[in-house]
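Working notes, beginning with the structure itself.
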Amino acid sequence: MRNRRLLAVLCGAALFGGNHAIAEVAGQSDTPPTNLFMAAGPAGTVQYTFAAAVAKVVSDNGPSQLVVGPYGGSSTFLHAVGTGEVNFGIATALDFAMVYRGPDKLKIGGRNPYPHAPDLRLVGSGADLTVGLLVTKASGIKTVHDLKGRKVAGEYPAHLGAYVNTYAQLRNANLSWSDVVVVPVPGLTQGVEALNAGRVEVANIGVGAPQAREMDAKIGIRHVANDCSPAAMKRVTDEVPGYHFVTLKPGNTPGIPEEMCLTAWPVGIVTSVKQPNAAVTAVLKPLYENAAKLGDIHPGLKVWTQQAFVRPDATVPYHPAAIAYYKSVGAWTPDMDAVQEKLIALGK
């Protein structure tokens, strides 16, 4: 696994240079580019795992090779995607909303460090990323109502999504940051490392993440169940765009010892409105046509079906080339035109 991650990084550096700049996409050529780059979260996270699966399906079935590069978190690459410095990025609908609408229009928990990138555009929505707080089995913490007074990884300057998700878990229990002991960490993986080392009692991670599996094999972990009463769920959805709640059953996923309610948000692929149509189609067409292959690579991607690509609850407008493709396959309905217009207005 480590060698494969290293290979992805080295390939990205060799193809695109140290700054991961756009390759072979200047102008609106009809020729698909040979190589494209997609930014993702840190290796060991669910987002990076999803990105690697997407890149494999695109590269195996399309005209372009899509290389994934790990970053410290979405806060470190999404603005560059929006301005066109990076071809594509994979993150969550909430991340997209915050960078697209900008800090003057949208803050979560009083915070939005993203510079405004109104040119960010959606290529396609995808699988839900189920997220939750992580603790050791020995902690005695089982639900969000057990969090008060505990040492919780927080701040997450490199990974805003982790900050927002932790904040959402606190709001679910009608708590705030002042009700817990915040231990600053830079990013998602560092939070889990702090939990493993005993510096915090609670961290944040996607369900089924490789890092969580490794920790479970060593010391045993569990996720912290949400309160799915109507009032508790409303406290979250009123403040956090794109969030919803799902119920997971115990099985092969570490940290889910019993039926558990957790939060989820859709993952998707974004680019810049400046990205040439041929580059967008070179990623979208093979991914859409071969979406069923994603679930063969990772079980969490079984829900990334063709029906998931176009969503009326999208938080950023679709790229024009994506709209044209979806219309050609009958996936774009007239109702989506109104959704697109509303989203474009939100970014102005």
Inter-residue pairs, beta-carbon under 6 Å, first outside any helix (DSSP H, G or I) and in the stretch 41-61, second of a type in the set (A, V, I, L, M), 6+ apart: Thr45/Leu188; Thr45/Ala209
Could you tell me which numbered condition Gly300 fails, if it satisfies all but one of (1) surrounded by 21 or more Cβ atoms within 10 Å (Cβ to Cβ); (2) over 19 Å from Gly206 (Cβ atoms)? (2)
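Being out of contact with any helix residue (DSSP H, G or I) (no Cβ under 9 Å at 6 or more places or on another chain) and modelled with pLDDT under 90 is the filter here, so list the residues in the stretch 96-113 that pass it. Before the answer, list the steps.
Just the residues of the stretch 96-113 that are out of contact with any helix residue (DSSP H, G or I) (no Cβ under 9 Å at 6 or more places or on another chain), to begin with: 102-104, 110.
Gly110 - this is the single residue of the stretch 96-113 that is out of contact with any helix residue (DSSP H, G or I) (no Cβ under 9 Å at 6 or more places or on another chain) and modelled with pLDDT under 90.
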Within the stretch 66-84, considering residues that are hydrophobic (A, V, I, L, M, F, W, C) and over 14 Å from Gly161 (Cβ atoms), the one surrounded by the most Cβ atoms within 10 Å (Cβ to Cβ): Val81
Check whether at least one residue in the stretch 240-251 is among the basic types (Lys, Arg) and modelled with pLDDT of 95 or more, and report yes or no. no
Select, from Gly242, Gly251, Gly255, Gly208, the only residue that is crowded, with 18+ Cβ neighbours inside 10 Å, of a type outside the set (Asp, Glu) and either closer than 15 Å to Ala168 by Cβ or free of Cβ contacts under 8 Å to residues at least 40 places away in the same chain (or both). Gly242
Members of the stretch 305-346 found to be among the basic types (Lys, Arg) and surrounded by fewer than 17 Cβ atoms within 10 Å (Cβ to Cβ), listed by number: Lys327, Lys342
Going through the stretch 71-122 in order, the residues found to be in a strand (DSSP E or B) and hydroxyl-bearing (Ser, Thr, Tyr) are Thr92
Exactly one condition in (1) touching a residue at least 40 places away in the same chain (Cβ under 8 Å); (2) touching a Gly at 6+ places or on another chain (Cβ under 7 Å); (3) assigned to a loop (DSSP other than H, G, I, E, B) is false for Ser125; which is it? (3)
Would you say Arg222 is more than 17 Å from Gly161 (Cβ to Cβ), in a strand (DSSP E or B), modelled with pLDDT of 95 or more and not hydrophobic (A, V, I, L, M, F, W, C)? yes
Would you pick out the residues in the stretch 95-142 that are within 20 Å of Gln211 (Cα to Cα) and of a type in the set (Gly, Ala, Ser)? Ala127, Gly132, Ala138, Ser139
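Tell me the residue from Pro42, Pro63 that is surrounded by fewer than 20 Cβ atoms within 10 Å (Cβ to Cβ) and either modelled with pLDDT of 50 or more or over 26 Å from Thr92 (Cβ atoms) (or both), please. Please lay out each step first, then the result.
On the way: Pro42 fails: surrounded by fewer than 20 Cβ atoms within 10 Å (Cβ to Cβ).
One residue alone meets the criteria, Pro63.
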How many residues does the stretch 134-161 contain that are in contact with a strand residue (DSSP E or B) (Cβ under 8 Å, 6 or more places away or on another chain), assigned to a helix (DSSP H, G or I) and farther than 17 Å from Val181 by Cβ? 3
Subset tally (residues that are closer than 22 Å to Ala278 by Cα, without any contact (Cβ under 8 Å) to a residue 24 or more places away in the chain and outside any loop (DSSP other than H, G, I, E, B)) for the stretch 304-336: 4
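I'm trying to understand the selection: among the residues of the stretch 225-239, which are touching a residue at least 12 places away in the same chain (Cβ under 8 Å), in a loop (DSSP other than H, G, I, E, B) and surrounded by fewer than 20 Cβ atoms within 10 Å (Cβ to Cβ)? Spell out how you get there, then give the answer.
Narrowing the stretch 225-239 to residues touching a residue at least 12 places away in the same chain (Cβ under 8 Å): 225-228, 232-233, 235-236, 239.
This time we only want the ones that are in a loop (DSSP other than H, G, I, E, B), so: 226-228, 239.
Selection gives Asp227, Cys228, Glu239.
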Filter the stretch 258-279 down to the residues that are surrounded by fewer than 20 Cβ atoms within 10 Å (Cβ to Cβ), in contact with a strand residue (DSSP E or B) (Cβ under 6 Å, 6 or more places away or on another chain) and more than 22 Å from Met233 (Cβ to Cβ) and list them by number. Val273
The residue that is surrounded by the fewest Cβ atoms within 10 Å (Cβ to Cβ), considering only those in the stretch 85-95 that are within 11 Å of Val270 (Cα to Cα) and modelled with pLDDT under 95, is Ala93
Those residues of the stretch 253-278 which are over 22 Å from the mean Cα position of the chain (by Cα) and polar (S, T, N, Q), in sequence order: Asn277
State whether the residues of the stretch 183-205 include one that is crowded, with 23+ Cβ neighbours inside 10 Å, touching a Ser or Thr at 6+ places or on another chain (Cβ under 6 Å) and in a strand (DSSP E or B). yes
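The values are calculated or read from the model by the stated rules, or taken from the named source; none is laboratory data. Nothing here was measured: the structure is a model prediction, and the numbers come from that model. Backbone-built Cβ (ideal geometry, glycine too); neighbour counts: all protein chains shown.
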